[in-house]
Every structure is written in structure tokens, then in C-alpha cells.
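Comments concern the structure below.
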Amino acid sequence: MKWYSLTYLILPFIAFSCGQKSAEENVKGKESKVVVAENAAVDNDIEKWTLAAPDGMSLTKADIDTMSIGNPFVRYERKSNRYYMVGDGGYMWISKNLKEWEGPYNVLDGKDNALADGNVAAPEIHLHDGRYYYMASLERTGANGEASAHCVVLVSDSITGPYKIVDKNSNLLEGDGVAAAPAYATDELGAAYMIYAKSDGKPSAAVEIVRLTDDLGRRMGEPYKMLRSTDESLLALSGKGSGQEIASPFVFVTDEGNPGMLFTTMLRGESVIGVAYSKMELGHWLNGPWIVENEPFVSGNVGGASVFEDYDGTSVMMMHKDTLIGGKRKFLPRMIKVDTQFDKLKKKGFYIF
């Protein structure tokens, strides 16, 4: 697959929010005797930062089938031969084989007061100019009960942190409404962009894009709408005649050079993953127009899809499945293999460990 530095783009689940779960609630299984120093040595860049569980929590070993993590996002690092997973709550899990995970680890700078008064949602990690950038949204509920969210970008020299906010004085997105969990992208010329879902509090939303400064700390210019909730092809998928919620965009490019976008929406009362393709052949193809396929890519109360490559180059789609187990709401990580060789993304089947 040709990624053009558009790897692993994901945005949060807005209308169908996966909620906020603590790591203790999210993991079943026995506490392990994980030695923190062993995990700290996973990344050779770590010098003064020691990986540890958040205060009041214990390190555990968990099988992927027993975990509950909303908006799971995975990055594989070849130099350490490890997989790193983050999700709602902001904690990190580390694995050698995608099946068995160790964590939760706190990778955010605990001394940063800007992170203290919000819930971290739908984080993702990208490598940009030799440094690791951690993008997420901080969600809050005001005294009036209204929810709000704004975007933050943090940076570290190591994938395992500590991550610190790039520019505390920067408001990456201005104006009314909710701008949820940014995602990183670069175009053919290497310019950096942030893609996110924007809601104005009404039953409608849009996917927007804005250019960032080289350090990803501030925006440049005004946002541009990539996909609108009222676009005809999206309404044809949903079967609705008015604005439709869209969330969790993830941009990819197939081996044939066809740009695509995964997103989450609602269809017949359940959340599904849809796919759209850009029809702009010349110029800035990120702007579109984006035409939505008339059938969902994956159905069954799923959301927050992204794609990563495993150790042997297999393209894997990561998502969560929203379900009830024992009367409790769980967000089960699910992986399927996808084929990127053709002009459109194809499903190949569940990932076999």
C-alpha cells in the first residue's frame, strides 16, 4: 500500500462515543509481575523516563480478546519489534505479537496542568521529523452538562514518552462546536495537516482539514471541509434525507494510487464503518470531492477504524466493537486483514495470530 505518510489516521467516535473507561475497568485478567525496567528498555531512546502504571493502578498482562478499549490505535516500531497501542483514557499498551499486551503505562507528562482537567479521547501517535507526536482531544463536561472538546498535540523524543504539549498557548481550532481528536497527515510535498471531525451541537457533522506549522503546534490558515454530513452520497448510504453524523475519519492510499477515507456513521440503528474515495485527479486530492460507497465496509456496531502494517507488511484494520457483556458496555478491539493492492480497499478476513 502507498501511504504517502498518511499512515494510521484516526479520529474519535463523536455521536457514537465509545465513552471513557479506566484501565482497571477495561482489562480482565490477573496482575502480572511485569518488571518496569524491562519495558522501559523496549525503546533505546528512553534515558530519564521510566515506564510505569498510572497512580493507583497495577501493571497487567492481558489477551486482546479480554480487553475493552475504545478507539484503539496501533503503531508498529521495527527498531524495537514491538506494537504500541493507545486508546480512550490515554494509556499505552505494549505487545510483541498483537495478542498479548502489557500495561497500562502512563506516557503523558503528569506535571502538565493543561491535561489535568479533561478526559483524553481517541489518541494516536505519529513520527514526524524524527520526533513522536501524540494527538488527541480533551473532552470536558461543563456545569450546564454540555460536552465540549478541543484538540491537543504533544511531542516526545521516544514513542513511550513523556509527551508534553507542543504549544500551551495555541488554540488549534477556534470557533463554536466540538472539534474531536485530531489526526496527522502529510501531502505529496510533505506539508503537515490535521484532520478531525467537527460538530456544531446539532445532529450534523463534517470532516475538516487544516494545515499545521512544521512543529505541529499551531494551525496555518482556515479549515476546509473534506466531507459534509449533508453530502448526497453519504445520505444515500444512511438512507436519511437530512444531516447525518460522521466521525472517525482515516485516510489511506491504495497501491493503485486511489485515495480513500474510512469513517464511522449510523445505519439502521447501529454504528458502521463506511468508506469514501476522492475524485480529484489533479491538485490537492485531500480536499476531494469525496464520494461515499453505497454499502458499509464493516457493520455490527463497530467504529474508530484505522489501518496499520504488522511486522511482515500485512495491512490490518483495527477497530472496536460496541457490545454488552454481563450488562456492562464494552469496546472490544477487533482486527481484520485488508487488501490494498487494487483501486479500492478489500476485506480479507479476521486477523489470525
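In nm, give the distance between the simple-model label positions of N301 and D339, each being 7 Å from the Cα along the Cα-to-Cβ direction.
3.1
Summing Lys, Arg as +1 and Asp, Glu as -1, what charge do residues with Cβ under 11 Å from the Cβ of V74 carry, V74 excluded?
-2
Taking θ = phi - 60°, what integer Hz values does the Karplus form 6.51 cos²θ - 1.76 cosθ + 1.60 yield along the range 62-72, in sequence order, with x for Gly and Pro?
Residue by residue, the range 62-72 yields 9, 7, 4, 6, 9, 8, 10, 9, x, 6, x Hz.
Students often get this wrong, so check it: of K321/K346; K321/K344; K61/K99; K99/K337, which have C-alpha atoms separated by over 21 Å?
Result: K321/K344 exceed 21 Å.
Amide H neighbours of R82 under 5 Å, at least 5 residues apart or on other chains, H built in the peptide plane: list them.
For R82, the qualifying residues are E77.
Can you give the Rg to Rh ratio of the range 206-275, both from alpha-carbon atoms, with Rh computed by the Kirkwood formula?
Value, to two decimals: 1.05.
Fewest Cβ neighbours within 10 Å first, please rank R268, R211 accordingly.
Going from least to most buried by this count: R268, R211.
Which of the peptides 320-332, 216-228, 303-315 is most tightly packed, and how do the rest follow, judged by the mean count of other Cβ atoms within 10 Å per residue?
The densest-packed peptide leads the list: 303-315, 216-228, 320-332.
The numbers here are math on the coordinates, done by the rules we state, and not lab data. Here the structure is a predicted model, which means the values were calculated and not measured. A quick note on method: Cβ atoms are made from the backbone with ideal geometry, for glycine too, and the neighbour counts reach across all protein chains shown.
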